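Working notes for the structure below.
The values are calculated or read from the model by the stated rules, or taken from the named source; none is laboratory data. Given the structure is predicted, the values throughout are model-derived calculations rather than measurements. Glycine gets a Cβ as well: all are built from the backbone with ideal geometry, and neighbour counts include every protein chain shown. The accessibility values were calculated without ligands, DNA or RNA, using every heavy atom of the protein model including side chains. Shrake-Rupley method; radii C 1.70, N 1.55, O 1.52, S 1.80 Å.
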Amino acid sequence: MRNIWCNTDVVTVHIRQDHYSAGAVMAIGIPYKQAKLSESWDAIIIGSGIGGLTASVLLALHAGRRVLVLERHYETGGFTHTFHRPGYQWDVGLHYVGQMGDRASQVRRAFDSITGGGVAWHPMPAVYDRFLIDGRRFEFSSGVEAFRDGLRQAFPSETAAIDRYLATVHAANRWSGLYFTEKALPAPLARVAGGLMRAPFLRWARLTTREVLENLTSNRELIGVLAAQWGDYGLPPAQSSFAMHAIIVEHYLGGAFYPVGGAASIAAAMVPLIESAGGSVVTSAEVASVVLEAGCAAGVRMSDGTVFRAPLVISDAGAANTFERLLPPDLPELDSLRADLRTLTSSTAHVSLYIGLDATDAALGLTGTNLWVYPSFDHDANVERFGRDPDAPLPGTYISFPSAKDPDFQRRYPGHSTIEAIAMVPWQPFARWEQTPWKRRGKEYESLKDSIAARLRAEVERQVPTVAPCIAHAELSTPATTRHFMNYRQGEIYGIAATPRRFLARRLGARTPVRGLYLTGQDAATLGIVGALFGGIVCASAALRKNLIGTVSRNSPVPGSAFSTKPATVSTPGSARGALPEDPASGKSGRHTADNPVQAALAGISPPAGRSESGARQPAIPQHRD
């Protein structure tokens, strides 16, 4: 077998690729230099990430708008695009999605709505995440009870804490829908009702993950396992908002899924819907600025000076790029928002090793279960140690098997398989190359890449030794690569970091102070693929002044789904549905009461001191018991 070791920046090759659901051959988007575009449009979208494409599809389907989508990359899809090498394909940002097994779930309905039902979803193994922490093995399994039982088997003396944890995750999610829906309301209505809609969710969002977990248990190993999915939102427990943690955990409780044909099948299904209303999706099309007339958005100016006009402009470029780079610096109406943004931090950067194997997943025994490898149970210490010393153990390594998750991979690439190994890293070691041209960054950069790639490869071979003799291709992307292709200032992957302060930032959402300009994607709602999708729904709702959140989840959301606008429950042994589990200290349980749902969400647990919406410390939240 061949053993070729390559270390070049990730490059996406523009090819004509399968429309996976139908088998037809099609290209996704039109290169800017080849496109014949009119000057005027109903709406212009800056960026073709899933947030931008979602807003575009909804404008087309629900308002008949002719939408021009302008993507600076030469591939459509943002973090849902794929790249290819001869015999291989990898995803760059989508690794697994929850809540897709139930066609009635709000997340599945949303995906089906924006893709016309054109994407098939394949379930991952029942054990979707396996954690190897300090040499010990733990597993998260599909289904609330299987998830609970796995934790109880690993920590038999912590059953009460585990039950309380699941109830607390549910309590934090119960009111998330109201919080995100408020972002779509017209400004006058949001001023009246917004505070009440945000308050229940912010009771949890203002607390860190570590604050809540330490309130539930003193078992450091259990805390380490409960927080072991922190890579899915990019911050260790002491820095992340517990609300973000809870959204991710509940999102996967029903199992994990993967799009058949890979992540590019999503954009391939969405683009024709945009085009069906007279719209166009254009690649290699860099927007230099938003055109303003009389203080209102009126179109965009391209990097070559061409101007396209529209009364509605939507940015999927991220909040920082939108307000700091695409708009003039002397707009007084943006002063407060810009000041808020400067208090928020960017999410983590990452390195990713893309591995191609000249053997099938079946031959190698690869099933698709994700592996997470950590040097210790203290994730905050792992991150802090690596930040100080880049030669220290990686703070965590996520190993994904995209070809094993995709039942169509062998049809497209027979005899081959793929792996991705990802580690969260700080931006600072790569900052010196931020202005250097892609693929010409010099020997020092290549040396750093070689060192990181070797470490990631060694971890893959240590955890999955059968693949070692079958590695036929490998290449590393860095935060500098992400900055080049995705245009994030510090190579971040999740936009604005999921800290408590992010959720407390009232001005961050789809609406902007500039009339006719809206924000979509991760920064309009919350992070990740699903978060960016709902950012698109929130944005289109705000721009059209229609409740598209309800439209895409017609027949009512499923209780318990992320972003559901109805309260939901997680049953706990020995407790009535809707009741929090028994508090072992008091022998009492907190029950849902119609007149005080916030107290019901907090009943039986005592979160530590929190913060007000302005960020100031508050006294400890008291226990509330019936």
In Å², nearest 10: area of ASP112 left accessible to a 1.4 Å probe: 40 Å²
Point-to-point label distance, THR343-SER376, nm (Cα→Cβ direction, 7 Å offset): 3.3 nm
Dipole magnitude of the stretch 359-502 about its Cα centre (Cβ charges: Lys, Arg +1; Asp, Glu -1), debye to nearest 20: 480 debye
Calculated FRET efficiency for the pair GLN153/LYS33, C-beta based, R₀ 51 Å, to 0.05: 0.30
Pairwise FRET efficiency - THR466 versus ARG489, Cβ, R0 = 30 Å, nearest 0.05: 0.15
Relative contact order of the stretch 379-468, pairs being alpha-carbon contacts under 8 Å that are 6 or more residues apart, as %: 23 percent
Summed side-chain charge close to LEU222 - residues other than LEU222 whose Cβ falls under 14 Å, Lys, Arg +1, Asp, Glu -1: 0
Charge context of PRO311, other residues only, Cβ under 15 angstrom, K/R +1, D/E -1: +2
Net length gained if the chain between ASP389 and ARG411 were fully extended (0.36 nm per residue, minus Cα distance): 3.5 nm
FRET efficiency, ALA288 to ASP335 (Cβ-Cβ, R0 25 Å, nearest 0.05): 0.65
For the stretch 59-134: rounded, prolate or oblate by the Cα gyration tensor [a/c cutoff 1.5]: oblate
Length released on extending from ARG191 to SER276, taking residue separation times 0.36 nm less the Cα-Cα span: 26.9 nm
Shape call, the stretch 374-467: gyration tensor on alpha carbons, a/c limit 1.5: oblate
In order through the stretch 401-410: 3J(HN,Hα) via Karplus (6.51 cos²θ - 1.76 cosθ + 1.60), integer Hz, x for Gly, Pro: 10, x, 5, 6, 7, 10, x, 9, 4, 5
Sequence-separation-based contact order of the stretch 96-219, relative, with Cα cut under 8 Å and 6+ spacing, percent: 14 percent
Net +/- balance of residues flanking GLY254 in space, Cβ distance below 13 Å, scoring K and R +1, D and E -1: -1
Exposure of ASP330 as accessible area (Å², to 10), given a probe of 1.4 Å and all protein chains: 110 Å²
Using distinct alpha-carbon pairs, which all enter the 1/r mean, Kirkwood radius of the stretch 196-268 in Å: 13.9 Å
Heavy atoms of VAL57 accessible to a 1.4 Å probe, total area in Å² rounded to 10: 0 Å²
Note, ³J(HN,Hα) from phi for the stretch 370-380, Karplus 6.51, -1.76, 1.60, rounded to Hz, x at Gly and Pro: 5, 10, 10, 10, 10, x, 7, 6, 8, 5, 5
Whole-Å distance, taken between Cα centres, linking the stretch 38-102 and the stretch 236-267: 18 Å
Inter-centroid distance (Cα atoms) of the stretch 459-478 relative to the stretch 314-329, Å: 39 Å
